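Written below as structure tokens is the structure these notes are about.
Quick note: the coordinates plus some simple rules give every number you see, no bench work behind them. Note that the structure is a prediction, hence the values are computed from the model and not measured. Please note: Cβ atoms are built from the backbone with ideal geometry, for glycine as well, and neighbour counts cover all protein chains shown.
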Amino acid sequence: MVASVADALQYISYYHPPDFIKAMHAAYREETSSAAQEAIRQILVNSRMSATGHRPLCQDTGIVIVFAEIGAKVQFSGNLGFEAMINEGVRQAYNNYENPLRKSIVNPPFGARTNTGDNTPAVIHTKIVPGDKLTLTLAAKGGGSENKATYKNLNPAADVEKWVVDTVASLGSGWCPPGIIGVGIGGSPEKAMLLAKESLMQHINIHEIIKNGPQNPNEELRLSLYNKLNSLGIGAQGLGGKTTVLDVKLKTYPTHAVSLPVALVPNCAASRHIKISLNGPGPAHLPAPDLSDWPEIDPNASSGKKIDLARLNKDTLKELKIGETVLLSGKILTARDAAHKRIQDIIKSGRALDEYGLDFKDRLVYYVGPVNPVKNEIVGPAGPTTATRMDRYTEMMLGKLGLLGMIGKAERGSETVGLIKKYNSVYFIAVGGAAYLVSKAIKSSKVLAFEDLGMEAVYEFEVKDMPVQVAVDSQGNSIHEIGPEKFRVETS
């Protein structure tokens, strides 16, 4: 079982499920927003690159979720307990020397928050069922989409559909749409959340419901939600577009007469899950998917304004407009949560940043924590993290340190947008779900400061034609506000 868990987690780190690729390709063909279509194009190109290169789809290789159905007649051999075997499989998968996966799990969850070093423990749910077979459904859920999970105990007379639509509209784009929305209704608070998470493990089949018509109330609700959520106009990466969700999944359970528990869990563009069955000795067989499942899309098709970062200045920034694709070449710095906090502490202590070899004046910072490189790689997959977590540091970075601009994913808060306008700065987004593709634009990498922070250290990357899109321009216009407005459709 240990080997099967390790193999499965490696498998899903670089192979999208074929049904997901088919649905994403359909969204690409149907999209009329040029910005959103470019984002989807990068997701599809990244997916094929990961499938052929056996490297992670996303730098956030997730927290491991396991749904186990253990046959009552199943017997285990060895000295490890069931959960210990699962966690040993996780440990082996994430420390695989050919394809190391980023370790993101910290313990304790508050206070010191020390990385466990091997991405354990997994979150494990078990059921005892009839038979002599063990079935494991494994998922690796990224933090951006997990952070958007929402629960509400509604009045039994409330409109569930309205709550779901309003909730998705309020999530922003940090969950990296287009993806799948899982909804759980009924049971108790914890059961509703579990139902929503479990529903995401199902195959995408909304187009079958569209073709054949809904056959029961659950399918009626799914189809209605699918249409209304896509009518919000949020689109890929929140840029505005026709496709926000590829499917809506739903699971229900009986509940108390005075309760209506409802939970919502989104799945991002790095959808990673697999179901394996074991009924004897030997690991599960995981055949490689057929590469013909992936569309043939030119990986070098990104076009846009080429910018030499050595010559980037405030005047150049004034020419950039939201939604515009830009190809960056030159040197950029990286910094995430821990680095920003340390920079803040250094400034508060009265020390100078140049003691640490840091100078942010007229530079761009990329919010990223890359996967460790292998073989001849400069860096491993290096996609953006959610930028709103760095909003609290924006005044410091733009005002005190003279930063020219930022690169991340998802929208910025209104106060941050105001600061970007105040300092004539800019905020670019890289595509969440295109981490391996982005890493290929990085031609050199070195640690400048805070090496002890690991993936959260400050690096200097030299990039060549790194594709980004203008999300907030120097006049304070935000694509995440203006883009969806163009594609929003009023529904009854």
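In the chain, what % of DSSP beta bridges are antiparallel (nearest 5)? Spell out each step's value before the answer.
On the way: 46 of 76 bridges.
Percentage antiparallel, nearest 5: 60.
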Per the charge dipole of region 305-484 (beta-carbon charges, Lys/Arg positive, Asp/Glu negative, Cα centre), the residue among Tyr367, Thr394, Ala441 reaching farthest to the positive end is Ala441
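For the chain, give the magnitude of the charge dipole about the Cα centre (Cβ charges: +1 Lys/Arg, -1 Asp/Glu; no others), in debye to the nearest 20. Walk me through the intermediate numbers first.
Numbers: 54 positive and 51 negative charges, 92 e Å.
The calculated dipole for the chain is roughly 440 debye.
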For the chain, the longest principal axis of the Cα atoms and the Cα long axis of helix 217-230 enclose an angle in degrees, to the nearest 10, of 10
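If you keep only loop residues by DSSP, which trypsin sites (Lys or Arg not before Pro) in region 1-106 have at most 15 other Cβ atoms within 10 Å of their Cβ? Let's see the in-between values first.
Working: sites: Lys22, Arg29, Arg41, Arg48, Lys73, Arg91, Arg102, Lys103; in loops: Lys73, Arg102, Lys103.
Within region 1-106, the qualifying trypsin sites (Lys or Arg not before Pro) (loop, at most 15 other Cβ atoms within 10 Å) are Lys73.
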Ranking Pro281, Val2, Gly182 by how far each Cα lies towards the positive end of the charge dipole of the chain (+1 on Lys and Arg Cβ, -1 on Asp and Glu Cβ), the top one is Gly182
In degrees rounded to 10, the 0-90 angle between helix 189-199 Cα long axis and the longest Cα principal axis of the chain is 90
Residues of region 81-119 with backbone N under 11 Å of the label point set 7 Å from the Cα of Ile128 along Cα→Cβ are none
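Give me the percent relative contact order of region 319-431, please, defined on Cα pairs under 8 angstrom at least 6 residues apart.
Numbers: 154 pairs, mean separation 26.8, N = 113.
With pairs under 8 Å counted, the relative contact order is 24 percent.
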Note, Pro295: beta-carbon cut-off 10 Å, +1 each Lys/Arg, -1 each Asp/Glu, net +2
If each part is reduced to its alpha-carbon centroid, region 106-155 and region 399-470 end up apart, in Å, by 29
Going residue by residue through region 146-152, the Karplus relation 6.51 cos²θ - 1.76 cosθ + 1.60 with θ = phi - 60° gives ³J(HN,Hα) values, rounded to whole Hz and with x marking Gly or Pro, of 4, 5, 9, 4, 9, 10, 8
Site Lys318, offset 7 angstrom along Cα→Cβ, radius 17 Å on amide nitrogen, limited to region 470-490, gives 473-477
Sorting Gln344, Pro121, Pro381 by the position of each Cα along the dipole of the chain (Lys, Arg +1; Asp, Glu -1; all at Cβ), the one nearest the positive end of that ordering is Gln344
Taking the alpha-carbon centre of each part, the distance from region 160-177 to region 233-257 in Å is 7
Here region 281-286 yields Karplus 3J(HN,Hα) values (6.51, -1.76, 1.60; θ = phi - 60°; whole Hz; Gly and Pro given as x) of x, x, x, 5, 8, 10
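Once R0 is set to 56 Å, what does the formula 1/(1 + (r/R0)^6) return for the Cβ-Cβ distance between Ala288 and Ala158, expressed as a FRET efficiency to the nearest 0.05?
That gives a FRET efficiency of 0.75.
Full extension from Ile482 to Lys341: what is 0.36 nm times the residue separation minus their Cα-Cα distance, to one decimal in nm?
Fully extending the segment from Ile482 to Lys341 adds 47.6 nm.
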Helix 160-170 sits off the longest principal axis of the Cα atoms of the chain, rounded to the nearest 10 on a 0 to 90 degree scale, by 20
With the convex hull built on the alpha-carbon atoms of region 1-141, volume per residue in Å³ sits at 147
Unpartnered Cys in the chain, judged by a 4.7 Å Cβ-Cβ cut-off, are Cys58
Over all Cα pairs of region 143-269, the Kirkwood radius sets Rh, and Rg/Rh then becomes 0.95
A correct Karplus calculation of ³J(HN,Hα) over region 467-483, with 6.51 cos²θ - 1.76 cosθ + 1.60, θ = phi - 60°, whole Hz and x for Gly and Pro, returns x, 9, 10, 6, 9, 10, 8, 5, 8, x, 7, 10, 5, 6, 9, 7, x
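Can you give the calculated 222 nm mean residue ellipticity of the chain, where each DSSP H run of n ≥ 4 adds -39,500 (n - 2.57) and the sum is split over every residue, rounded to the nearest 500 deg cm²/dmol? Display every interim value, and only then the final one.
Working: 14 runs with 146 residues, N = 492.
It lands at -9000 deg cm²/dmol.
Could you give the length gained on full extension between Ile297 and Asn95, defined as 0.36 nm per residue of separation minus the Cα-Cα distance, in nm?
Numbers: separation 202, 0.36 × 202 = 72.72 nm, distance 3.20 nm.
Difference between extended and current length: 69.5 nm.
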Between Asn119 and residues 5 or more places away or on another chain, the pairs with built amide H atoms under 5 Å apart involve Ser104, Ile105
